[in-house]
Amino acid sequence: MEEVTIYTDGACSGNPGPGGWAAILMYKDIKKEISGASNNTTNNIMELMAVIEGLKMLKFPCNVKIYSDSAYVVNAFNQGWIYGWVKKNWKTSGNEHVKNRELWEELYALTKTHTVEFVKVKGHADNPYNNRCDEMARQAIKTI
């Protein structure tokens, strides 16, 4: 399978408020930047959208490494929360409905198409791709 790297980030001006998401996809020597915005959203929704939209760009099943500064997204997979939610019909360990269920379902389905590894990066640090995603997500907010 082909190897793809995706960096993602989401941003919100107010939470909730206008938000933006961004992703950088890297395949061989090709780099593609994508972004989008929503008028009334949350940080977590924008973080999820960045990953979903990045994965939706892939035209065939790939080995994907996703780099995100969102503990919400990364821990859901790396700590196994999402598998528990699925088993419990999208309920948390506290028996609450999982927030943003539709987005989680879409992301979960995409992880069935691709082999995905989630990697947590420190936000607003020295990672140029994470910083670029942050910049793009903030720029996307200005397009609303």
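The values are calculated or read from the model by the stated rules, or taken from the named source; none is laboratory data. In this text, all values refer to a predicted model and were calculated from it rather than measured experimentally. Here the Cβ is made from the backbone with ideal geometry for all residues, glycine too, and neighbour counts use every protein chain on show.
Points worth noting:
- Criterion applied to GLU117, GLU105 was being under 18 Å from MET49 (Cα atoms), touching a strand residue (DSSP E or B) at 6+ places or on another chain (Cβ under 8 Å) and of a type in the set (Asp, Glu), and the one residue passing it is GLU117.
- Of everything in the range 91-123 that is among the hydrophobic types (A, V, I, L, M, F, W, C) and part of a loop (DSSP other than H, G, I, E, B), the residue that is nearest to ASN40 (Cα to Cα) is VAL98.
- Some residue of the range 106-120 being exposed (fewer than 12 other Cβ atoms within 10 Å of the Cβ) and basic (Lys, Arg): yes
- Hey, GLY17 farther than 23 Å from ASN127 by Cα and either touching a His at 6+ places or on another chain (Cβ under 6 Å) or at pLDDT 95 or above (or both) or not: yes
- Matching entry among TYR83, TYR72, TYR67, TYR7 (being surrounded by fewer than 20 Cβ atoms within 10 Å (Cβ to Cβ), in contact with a helix residue (DSSP H, G or I) (Cβ under 9 Å, 6 or more places away or on another chain), of a type outside the set (S, T, N, Q) and closer than 19 Å to HIS124 by Cβ): TYR72
- Residue, farthest from the chain's Cα centre (by Cα), within the range 29-70, restricted to residues that are of a type in the set (D, E, K, R) and assigned to a strand (DSSP E or B): LYS31
- Every residue from the range 124-140 that is acidic (Asp, Glu) and either part of a helix (DSSP H, G or I) or touching a residue at least 60 places away in the same chain (Cβ under 8 Å) (or both): ASP134, GLU135
- Conditions (1) farther than 17 Å from ILE45 by Cα; (2) touching an Asp or Glu at 6+ places or on another chain (Cβ under 9 Å); number of the one not met by ALA137: (1)
- Hey, VAL4 part of a helix (DSSP H, G or I) and either more than 19 Å from ALA140 (Cα to Cα) or at pLDDT 95 or above (or both) or not: no
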